[in-house]
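A short worksheet on the structure shown next.
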Amino acid sequence: MIVVIGSINMDLVLRVPRMPAAGETLSGSAFRTIPGGKGANQAVACARLAAGGAPAVALIGCLGDDGFGDTLRAALVAEGIDVSHVSTMTGVASGIASILVDANGQNSIVIAGGANDLLTPAHIDAARSLIAQASIVVLQLETPLVTVEYAINLAHALGKIVVLNPAPAPTADLPAAMLARVDYLIPNEIEAAMLAGTAPQDVAATAVALRTSGCRNVLVTLGAKGVHAALAEGTRAFAAHPVAAVDSTAAGDTFIGGFVAALAGGEPVVDAIALGQRAAAWSVTRHGAQSSIPHRHELFDAAPGLSRPTTVCPS
Ligand code: RIB
């Protein structure tokens, strides 16, 4: 089983010709509400990208007792995700994300955590037997850090592979003891530089600094520039698939889901990275968060501009 611990949001999405300046009112278009949230997106990506017979996926998180909460829970159930530890919090709004997507497919996101902010260590304790069944536990930073830290300690103590996506970028240093229990840290280049205190352009130094700080393996996602992996067995650069991007929302979540699904299925790390990249490339050719995440079979169907993953270049 793969257990994802994290946020569940309703994304309120508008297309805009460009990002507005401070104080400016712009006309947008194509308003949509789309299930999102980094935790839910990563759980959905794990479920859609698992090979046949692969481990089941469960999500631990919190929803509000509103209409969005009902819709978001139903979306997870429709993916076959175990939601027995998705709690509905009384009198609280579900998490939402206000997302602007510009003509280049770049996004700007503001979140209101709502029920996500109420995920506590008690929820993790209540899910202990579920976590004990997992091979991999996946977390992000859209739920309280105290809970993330508690869950990582528990998962590590139970001998699980721990994957942490430190997103959104933390505003303070993450606890060193927590990072030392992370098997795969998967930041984007901004998050990586903020964590390491290095310049964003020096990805290699950043990844090495993060490994030195305790994480066993660091995968820095670089969007159209690929992935820089500082693995226990060495450093490698993975080229990206060139695609025409329409919306980058949840590309990182899709990479993580593909990587974790492949790893949980017993595939080598290098192949898991390649699958995650391929899935992320697919996702940016579609709109929205969960609406953009491909199913595994789609990755190997004929796809314009997207060939099978190939080169792995030692850096
Ligand atoms: O990573 C993309 C996600 O970030 C969106 O779905 C939004 O909900 C925010 O959590």
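Projected onto their three principal axes, the Cα atoms of the range 139-194 cover extents of 31, 19, 17 Å, largest first. Note on the chain: with a GNM built from Cα contacts shorter than 10 Å, the maximum mean-square fluctuation among 168, 20, 55 falls on 20. Relative contact order of the chain, taken over Cα pairs closer than 8 Å and 6 or more residues apart, is 18 percent.
A Förster radius of 30 Å, combined with the Cβ-Cβ distance separating residue 204 from residue 157, puts the computed FRET efficiency at roughly 0.40. When only alpha carbons are used to place a centre, the range 202-251 and the range 99-175 end up 19 Å from one another.
Heavy-atom surface analysis with a 1.4 Å probe gives the chain a carbon and sulfur content of 57 percent of its accessible area.
Summing +1 for each Lys or Arg and -1 for each Asp or Glu among the other residues whose beta-carbon sits under 13 angstrom from that of residue 87 gives -2. Counting charges near residue 154 (Lys, Arg +1; Asp, Glu -1) among other residues having Cβ under 12 Å from its Cβ returns a value of +1. For residue 56 and residue 172, the difference between the fully extended length at 0.36 nm per residue and the C-alpha to C-alpha distance is 38.4 nm.
Dipole check for the chain: with +1 at the C-beta of Lys and Arg, -1 at the C-beta of Asp and Glu, and the Cα centre as origin, the magnitude is about 520 Debye. Treating each Cα of the range 1-61 as one equal point scatterer and applying the Debye formula with no solvent, the log10 of I(q)/I(0) at q = 0.12, 0.18, 0.21, 0.25 Å⁻¹ comes out as -0.46, -0.72, -0.82, -0.97.
How much mean residue ellipticity at 222 nm does the chain get from its helices, if each DSSP H run of length 4 or more adds -39500 (n - 2.57) and you divide by all residues, to the nearest 500 deg cm²/dmol?
The helix-only estimate for the chain comes to -9500 deg cm²/dmol at 222 nm.
Between residue 103 and residue 224, the contour length at 0.36 nm per residue exceeds the alpha carbon distance by 41.9 nm. Mind running the shape call on the chain? Use the C-alpha gyration tensor, a ≥ b ≥ c as the square roots of the eigenvalues: rounded below 1.5 for a/c, prolate if a/b tops b/c, oblate otherwise. Rounded, because the longest to shortest axis ratio a/c is under 1.5.
Here's the picture: charge each Lys and Arg Cβ at +1 and each Asp and Glu Cβ at -1 in the range 11-170, and of 159, 50, 29 the one pushed furthest to the positive end of that dipole is 50. Computed over the range 165-315, the alpha-carbon pair-distance distribution with 10 angstrom bins reads 12, 43, 34, 11, 1, each value a whole percent.
Figure legend: label point modelled 7 angstrom from the Cα of residue 112 along Cα→Cβ; residues of the range 1-31 with amide N under 13 Å from it are 10-12. Shown here is the pair-distance distribution of the range 29-182: with all Cα-Cα distances grouped in 10 Å bins from zero up to the longest one, the shares run 10, 39, 37, 13, 1 percent.
Gain on full extension, evaluated as 0.36 nm per residue between residue 32 and residue 128 minus their Cα-Cα distance, stands at 30.9 nm. Among 107, 116, 217, the largest mean-square fluctuation in a Gaussian network model of the chain (Cα springs under 10 Å) belongs to 107. Here the chain is scanned for GluC sites (Glu not before Pro) in DSSP loops (not H, G, I, E, B) that have at most 13 other Cβ atoms within 10 Å, and the longest stretch holding none of them is 25-232.
The values are calculated or read from the model by the stated rules, or taken from the named source; none is laboratory data. What you see is a predicted model, and the numbers here were worked out from it, not measured in a lab. Using ideal geometry, Cβ is built from the backbone for each residue, glycine included, and neighbour counts are taken over all protein chains shown. The area values use the complete protein model at the heavy-atom level, side chains included, leaving out ligands, DNA and RNA. Shrake-Rupley method; radii C 1.70, N 1.55, O 1.52, S 1.80 Å.
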